[in-house]
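Asker: Structure below; questions to follow.
The values are calculated or read from the model by the stated rules, or taken from the named source; none is laboratory data. These figures come from a predicted structure and were not determined experimentally. Quick reminder, even Gly has a Cβ in these numbers, built from the backbone with ideal geometry, and neighbours come from all protein chains shown. Just so you know, the surface numbers come from the protein's heavy atoms only, side chains and all, with ligands and any DNA or RNA stripped out. Shrake-Rupley method; radii C 1.70, N 1.55, O 1.52, S 1.80 Å.
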Amino acid sequence: MFASRLHSTTKSLTLGVVVLLLAACQAAPIQSDFDTSRDFTQYRDWSWAEEPVSYTPASDPRIQSDLTTQRIRDAVSGQLDVRGLRPVQPGQEPDLQVKVYVISEMREDNVTTSYGGSFGTYWGGWGGGWGGGPGYAETRSVDYQVLTLQIDLLDDGQLVWRGSDEQQLRSTPLTPAERSQQIQEMVTKILGGFPPY
């Protein structure tokens, strides 16, 4: 009975470790890059690039949709407005053009879990040490899908600023409100680094 409870507890701990490791994958830092020779205070207005939002893979209907594109456009427009950048007036050349990339890819991590053995610290008369029983470790692969959202800002066709964020996609479907919130949060985090100084 003790062995059965120990095995059950070990399995629960193993599952907890896997969940924590995958959760850590969700919190990747924002990546950004920019042209250090540019004066970003000169930029006043913007427009969308010819293809405002592109998807990779292009044929994945779970990612690409008109609804997703509109959510991205709304979120980016709102965040650029907060930063003082306005849509260009018709017939004028914009200071910046905006291009968004949505990339979905499968990734794999190796997760190692230790079973058995009860390791702990013991303290004796002359010092301390580690002790415990026999155990073994198991390594297995865990596959998960990651969505990367990348925003490029271009001046006369030349990249001047880029920011990206990624999130692990959940296996449970999102509601439309949750999808909008996820996109809004990602765009806000990405454009939080613009202007870069």
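Asker: Please give the number of the condition Tyr55 fails out of (1) modelled with pLDDT of 85 or more; (2) in contact with a Phe, Trp or Tyr (Cβ under 9 Å, 6 or more places away or on another chain); (3) farther than 30 Å from Asp95 by Cβ.
Answerer: The one condition Tyr55 does not meet is (3).
Asker: Please work out which residue is farthest from Asp66 (Cα to Cα), limiting yourself to segment 135-169 and to residues that are of a type in the set (A, V, I, L, M, F, W, C), surrounded by 15 or more Cβ atoms within 10 Å (Cβ to Cβ) and more than 16 Å from the chain's Cα centre (by Cα).
Answerer: Val160
Asker: Residue by residue through segment 63-74, note down the ones that are in a loop (DSSP other than H, G, I, E, B) and free of Cβ contacts under 8 Å to residues at least 12 places away in the same chain. Break it down into steps so the answer makes sense when it comes.
Answerer: The first filter runs over segment 63-74 and keeps only residues in a loop (DSSP other than H, G, I, E, B), leaving 63-65.
The answer is Ser65, and nothing else.
Asker: Determine which single condition Gln70 fails, assuming it passes every other condition in (1) among the polar types (S, T, N, Q); (2) open to solvent by less than 50 Å² (accessible area, probe 1.4 Å); (3) more than 20 Å from Asp95 (Cβ to Cβ).
Answerer: Here Gln70 meets the rest and fails (2).
Asker: Suppose the filter is open to solvent by 30 Å² or more (accessible area, probe 1.4 Å) and at pLDDT 95 or above; does Gln26 pass it?
Answerer: Working: open to solvent by 30 Å² or more (accessible area, probe 1.4 Å): yes; at pLDDT 95 or above: no.
For Gln26, the condition - open to solvent by 30 Å² or more (accessible area, probe 1.4 Å) and at pLDDT 95 or above - is not met.
Asker: What are the residues in segment 160-197 that are free of Cβ contacts under 8 Å to residues at least 24 places away in the same chain, part of a loop (DSSP other than H, G, I, E, B) and small (Gly, Ala, Ser), if any?
Answerer: Of all residues in segment 160-197, those free of Cβ contacts under 8 Å to residues at least 24 places away in the same chain come to 170-175, 177-178, 181-182, 185.
In the following step, the residues that additionally are part of a loop (DSSP other than H, G, I, E, B) were identified as 170-175.
Ser171, the sole residue that qualifies.
Asker: Could you pull out every one of the strands (runs of 3 or more DSSP E) wholly within segment 90-157 that has 1 or more residues that are at pLDDT 75 or above? Show your work before the answer.
Answerer: Details: elements: 96-116, 120-123, 128-131, 135-155.
So the answer is 96-116, 135-155.
Asker: Got a sec? Which of Phe34, Phe40, Phe2 is over 25 Å from Thr188 (Cα atoms) and either open to solvent by 100 Å² or more (accessible area, probe 1.4 Å) or modelled with pLDDT of 95 or more (or both)? First the steps, then the outcome.
Answerer: Numbers: Phe34 fails: over 25 Å from Thr188 (Cα atoms); Phe40 fails: over 25 Å from Thr188 (Cα atoms).
Phe2 is the lone residue from the list that is over 25 Å from Thr188 (Cα atoms) and either open to solvent by 100 Å² or more (accessible area, probe 1.4 Å) or modelled with pLDDT of 95 or more (or both).
Asker: Report the residue count in segment 170-184 for those that are surrounded by 10 or more Cβ atoms within 10 Å (Cβ to Cβ) and either under 16 Å from Tyr144 (Cβ atoms) or not small (Gly, Ala, Ser) (or both). Walk me through how you get there before you give the answer.
Answerer: Taking segment 170-184 first, the residues surrounded by 10 or more Cβ atoms within 10 Å (Cβ to Cβ) are 170, 174, 178-184.
Checking the rest, the ones that are also either under 16 Å from Tyr144 (Cβ atoms) or not small (Gly, Ala, Ser) (or both) come to 170, 174, 178-179, 181-184.
So the answer is 8.
Asker: Now a separate question. From the list Ser65, Ser59, Ser54, Ser77, pick out the single residue that is open to solvent by 50 Å² or more (accessible area, probe 1.4 Å) and of a type in the set (S, T, N, Q). It would help to see each step written out before you state the result.
Answerer: Working: Ser65 fails: open to solvent by 50 Å² or more (accessible area, probe 1.4 Å); Ser54 fails: open to solvent by 50 Å² or more (accessible area, probe 1.4 Å); Ser77 fails: open to solvent by 50 Å² or more (accessible area, probe 1.4 Å).
Exactly one residue qualifies, and that residue is Ser59.
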